[in-house]
Amino acid sequence: MQDKIILGLLLDGDKSSYDLQKSMETSTGFFYNTSQGSIQPALKKLVQNGHVRLEEVRRGGRSKKVYSITEEGREEFLRWADEPIALEKPRDPALVKMFFFHYASEERRIELVEEYLREIEAVEANLRRFQRMNRDHLEKNEELRSDPRVRSRLDTLDFGADYYAFLKGWYGNYLRRWREGKEP
C-alpha cells in the first residue's frame, strides 16, 4: 500500500522523501502508518520497477534527491485506483488488548481505556480542526472547490473524524459500564 500512496502523492508533483513523509503525516498518516524507514525501501523498489524517477538536484550547495512519477508509474497507479475496494478485517491492537482484558485487573483496564480515550479525543480534535481549516480555505477558493482531488481527500478526512468520534463514543460507553460495575 505504501507504494500506491507514494505514487498518488507524486501525481500531485515531484517530492523528496522528506516531502513525501510530511505529506503522509498530514494526510494518509491518520489511517495508514508510515515512517522514513518504510518510505525509503518503497521508493527504491518503485525506482527499480520504473514507476518513479530519481533526480539529484543541487540547491544552495546541497544535493537533494527528488522523486517524480513516470508514465509507467502513473498507469500502474490508475490501474490500481480502478480496482474494486477490498473489504479487510480490522487490524486494531486495541481490540486484541480487549480480547485479553480479563488478565488485567479492573483498575488497570479502566486506566488503559481512559488513556486510550484521551488519545482518541486528541486525534479526533485534530481532524476536526483540519476539517474547519479546509472548509474555511475552500470557501475562499472556487478553483479548489471544483478540484476532484480535494473532494476525495476531504471525504477521507470526514471519514477519519467520524471514525474517531465513533471510537470515542464506543469506548466512552465501555468505560462507563466498567465504572458502573456492569462488566461489558
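Read-outs: derived from the displayed coordinates by stated rules, not from any lab. Not measured: the values here are computed from a predicted model. With ideal geometry, Cβ positions are generated from the backbone for all residues, glycine too; neighbour counts draw on all protein chains shown.
Please identify the DSSP H helices in the chain that span no less than 27 Å along the helix axis (Cα) and have a mean Kyte-Doolittle hydropathy of -1.0 or more. Mind dumping the intermediate values first?
Values: long enough: 106-139 (49 Å, -1.19); 148-179 (46 Å, -0.86).
Those that pass (Cα extent of 27 Å or more, hydropathy at least -1.0) are 148-179.
Tell me the relative contact order for the chain as a rounded percent, counting alpha carbon contacts under 8 Å between residues six or more apart.
Values: 130 pairs, mean separation 33.3, N = 184.
After rounding, I find 18 percent.
In straight Cα distance, which lysines are under 16 Å from Lys44, not counting same-chain residues fewer than 8 positions off?
Result set, ordered by chain and number: Lys4, Lys15, Lys64, Lys65.
Take the Cα coordinates of the range 1-145, assign each an equal point scatterer, and use the Debye formula without solvent to give log10 I(q)/I(0) at q = 0.15, 0.17 Å⁻¹.
After summing over all Cα pairs, the log10 values are -0.98, -1.10.
Assuming 0.36 nm per residue, please report the length gained on full extension of the stretch Asn141 to Leu95 beyond their Cα-Cα distance.
Working: separation 46, 0.36 × 46 = 16.56 nm, distance 4.16 nm.
That works out to 12.4 nm of additional length.
For the range 2-81, count all C-alpha to C-alpha pairs, find those more than 21 Å apart, and express that count as a whole percent of the total.
On the way: 732 of 3160 pairs.
Taking all Cα-Cα pairs of the range 2-81, the fraction more than 21 Å apart is 23 percent.
About the Cα centre, and with charges only on the beta carbon of Lys, Arg (+1) and Asp, Glu (-1), how big is the dipole of the chain? Nearest 20 debye, please.
Values: 33 positive and 33 negative charges, 96 e Å.
Dipole about the Cα centre, nearest 20: 460 debye.
Using the charge dipole of the range 77-179 (Lys, Arg: +1 at Cβ; Asp, Glu: -1 at Cβ; taken about the Cα centre), state which of Asn126, Ser105, Val150 has its Cα farthest towards the positive end.
Ser105
Taking a cut-off of 19 Å, what percent of all Cα-Cα pairs in the range 63-184 are separated by more than that? Walk me through the numbers on the way to the answer.
Details: 4899 of 7381 pairs.
Result: 66 percent of Cα pairs exceed 19 Å.
Determine, from the Cβ-Cβ distance of Val150 and Leu54 and an R0 of 35 Å, the FRET efficiency 1/(1 + (r/R0)^6), rounded to the nearest 0.05.
Numbers: r = 28 Å, r/R0 = 0.81.
Here the calculated transfer efficiency is 0.80.
For a footprinting-style exposure proxy, rank Glu114, Glu55 by other Cβ within 10 Å, fewest first. Before the final figure, lay out each step's value.
Values: Glu114 13, Glu55 10.
The fewest-first ordering by Cβ neighbours comes to Glu55, Glu114.
Which of the peptides 88-100, 133-145 is most tightly packed, and how do the rest follow, going by the mean number of other Cβ atoms within 10 Å of each residue?
Values: 88-100: 9.3, 133-145: 11.4.
Per-residue Cβ counts within 10 Å, averaged per peptide and sorted highest first, yield 133-145, 88-100.
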